[in-house]
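Below is one structure, written out as structure tokens; the observations come after it.
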Amino acid sequence: MYNIKAYSAASATSPLASDRISRRETTERDVQIEILFCGICHSDLHTVRNEWSSIMPTAYPCVPGHEIVGRVTKVGSAVTKFKPGDLAGVGCLVDSDQTCPNCKAGLEQLCPNQTLTFNSPDKHLGGITYGGYSESIVVDEHFVLRVPSNLNLAGVAPLLCAGITTYSPMRRWGDLKGKKVGVVGLGGLGHMGVKFALAFGARVVVFTTSPSKKEDALRLGANEVIISSNPEEMQKHAGSFDFILDTIAASHDINAYINMLAHDGNITLVGAPEKPLAVSAFALLFGRRSLSGSVIGGIAETQEMLDFCGKHGITSDIELIKIQDINEAYERMLKSDVKYRFVIDMASLKV
Ligand SMILES: [Zn+2]
Ligand SMILES: [Zn+2]
């Protein structure tokens, strides 16, 4: 074991503060990564504040962070994909059983025995896993991603969660070229959804409740913006979408968006509202529409997404912060006062 600096929360009501944690020495399959950038995901905040206690209660101290980009500093003797000096990424998963049918199909995100990057039982050291708000991390090479060298590294960090979360359901739906795709909500997830849908050749329409976001959506390349609180605007587009990506994490009227779908259209939820959504069966039945959910992606697909981003020059729009400003960033994130993702410059942890 070795000891490093990190930022952790001591309880659900404590602010994040400087701390020290242990990492394991690299085993033969491990890659040790010096963390350069870590994105801030809403899951970090939910976990720190124990807001998902019914599904995954938080163990403290909690070191969040699962949008990690860094440089390899050491590799185990059996590691073949990486060598010291390489760029590397780590997302939401650091381990799984690698033997179940889901893992064998490359769907590690659906493995019943997965280890999340933070707040999961740690098979190696006991206790729980600690995430990316730290100097370094040690991860089985299967769960380490190659990072394209042509991209801005801070803007790559959010791809490891927000990126794959939006890329995966769109890829799974099929060829989006020439299709009409809606993106509901323009935040960390939504703005990535817009970028990917455009890169897939779709005609992209953003649904937003705030007229102030219209200009921004158009700047990102959206072909059209619908103010969802305006029934006339909504009515004009009813029954016309092939696919809709719903990124809203708060309660909302899902039926309004189901009714936007053409027949056989699909709406996929990637946001996680706390309370159940009321779904009108009629809205699904008439039109043979479908409603799905999706969570991150498998390791191979995450690599595919990063390679796609390298080829198409796609990164997240970010605001870079020092780790000392993390608590303020959380408050601003709660007000959606960020375009579109905070990323921590981990060099600030060294001072
Ligand atoms: Zn996340
Ligand atoms: Zn598995």
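Residue by residue through segment 261-272, note down the ones that are of a type outside the set (Asp, Glu) and open to solvent by 30 Å² or more (accessible area, probe 1.4 Å). It would help to see each step written out before you state the result.
Restricting attention to segment 261-272, the residues satisfying the condition of being of a type outside the set (Asp, Glu) are 261-263, 265-272.
Within segment 261-272, 263, 269, 272 qualify.
Can you work out which of the residues in segment 8-26 that are buried (at least 17 other Cβ atoms within 10 Å of the Cβ) and in contact with a helix residue (DSSP H, G or I) (Cβ under 8 Å, 6 or more places away or on another chain) is farthest from residue 121 (Cα to Cα)?
It comes out as 16.
When you go through 190, 132, 163 one by one, which is the residue that is in contact (Cβ under 8 Å) with a residue 40 or more places away in the chain, within 16 Å of ligand 1 (Cβ to nearest atom), over 25 Å from residue 106 (Cβ atoms) and within 14 Å of the chain's Cα centre (by Cα)? Let's see the steps before the verdict.
On the way: 132 fails: over 25 Å from residue 106 (Cβ atoms); 163 fails: over 25 Å from residue 106 (Cβ atoms).
Matching residue, one of 190, 132, 163: 190.
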Whichever residue in segment 27-51 is surrounded by fewer than 18 Cβ atoms within 10 Å (Cβ to Cβ) and part of a loop (DSSP other than H, G, I, E, B) and, among such residues, is farthest from ligand 2 (Cβ to nearest atom):
49
Would you pick out the residues in segment 286-326 that are more than 16 Å from residue 144 (Cβ to Cβ), touching a strand residue (DSSP E or B) at 6+ places or on another chain (Cβ under 7 Å) and crowded, with 18+ Cβ neighbours inside 10 Å?
289, 291, 294, 316, 318, 321, 323, 326
Within segment 306-319, can one find any residue that is within 16 Å of ligand 1 (Cβ to nearest atom) and closer than 17 Å to residue 172 by Cα?
yes
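So, in segment 283-303, of the ones that are touching a residue at least 40 places away in the same chain (Cβ under 8 Å) and part of a helix (DSSP H, G or I), which residue ends up farthest from ligand 2 (Cβ to nearest atom)? Before the answer, list the steps.
So the first thing to find is which residues in segment 283-303 are touching a residue at least 40 places away in the same chain (Cβ under 8 Å), and the list is 287, 292, 294-303.
Okay, now just the ones that are also part of a helix (DSSP H, G or I), so 299-303.
Working: 299: 11, 300: 14, 301: 15, 302: 16, 303: 18 Å.
So, considering only residues that are touching a residue at least 40 places away in the same chain (Cβ under 8 Å) and part of a helix (DSSP H, G or I), the one farthest from ligand 2 (Cβ to nearest atom) is 303.
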Over segment 200-219, the set of residues surrounded by 19 or more Cβ atoms within 10 Å (Cβ to Cβ) and of a type in the set (A, V, I, L, M) is 202, 204, 205, 206, 217
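Among the residues of segment 185-192, is there at least one that is under 13 Å from residue 246 (Cα atoms), of a type in the set (A, V, I, L, M) and open to solvent by 10 Å² or more (accessible area, probe 1.4 Å)?
Applying the first criterion (under 13 Å from residue 246 (Cα atoms)) to segment 185-192 yields 185-192.
Now restrict to residues that are of a type in the set (A, V, I, L, M): 186, 189, 192.
Next, only the ones that are open to solvent by 10 Å² or more (accessible area, probe 1.4 Å) stay: 189.
Yes; the residues of segment 185-192 include at least one that is under 13 Å from residue 246 (Cα atoms), of a type in the set (A, V, I, L, M) and open to solvent by 10 Å² or more (accessible area, probe 1.4 Å).
From the list 147, 156, which residue is in a helix (DSSP H, G or I) and more than 11 Å from residue 245 (Cα to Cα)? If you could, list the steps in order and put the result at the bottom.
Values: 147 fails: in a helix (DSSP H, G or I).
Going through 147, 156 in turn, just one is in a helix (DSSP H, G or I) and more than 11 Å from residue 245 (Cα to Cα): 156.
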I'd like to verify a number: residues in segment 70-97 that are surrounded by 16 or more Cβ atoms within 10 Å (Cβ to Cβ) and either in a loop (DSSP other than H, G, I, E, B) or within 13 Å of ligand 2 (Cβ to nearest atom) (or both), how many?
9
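Please enumerate the residues belonging to segment 101-126 that are in a loop (DSSP other than H, G, I, E, B) and either in contact with a Pro (Cβ under 8 Å, 6 or more places away or on another chain) or within 16 Å of ligand 1 (Cβ to nearest atom) (or both).
First, the residues of segment 101-126 that are in a loop (DSSP other than H, G, I, E, B): 105-107, 111-114, 117-120, 122-126.
Passing the criteria: 114, 117, 118, 119, 120.
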If we keep just the residues of segment 160-208 that are of a type in the set (D, E, K, R) and over 26 Å from residue 333 (Cα atoms), which is nearest to ligand 2 (Cβ to nearest atom)?
172
Residue 55: passes all of (1) buried (at least 22 other Cβ atoms within 10 Å of the Cβ); (2) within 16 Å of ligand 1 (Cβ to nearest atom) but (1)
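The values are calculated or read from the model by the stated rules, or taken from the named source; none is laboratory data. Small disclaimer: the values here were computed from a predicted structure and weren't measured. Positions of Cβ are generated from backbone atoms using ideal geometry, with glycine treated the same way; all protein chains shown enter the neighbour counts. The area values use the complete protein model at the heavy-atom level, side chains included, leaving out ligands, DNA and RNA. Shrake-Rupley method; radii C 1.70, N 1.55, O 1.52, S 1.80 Å.
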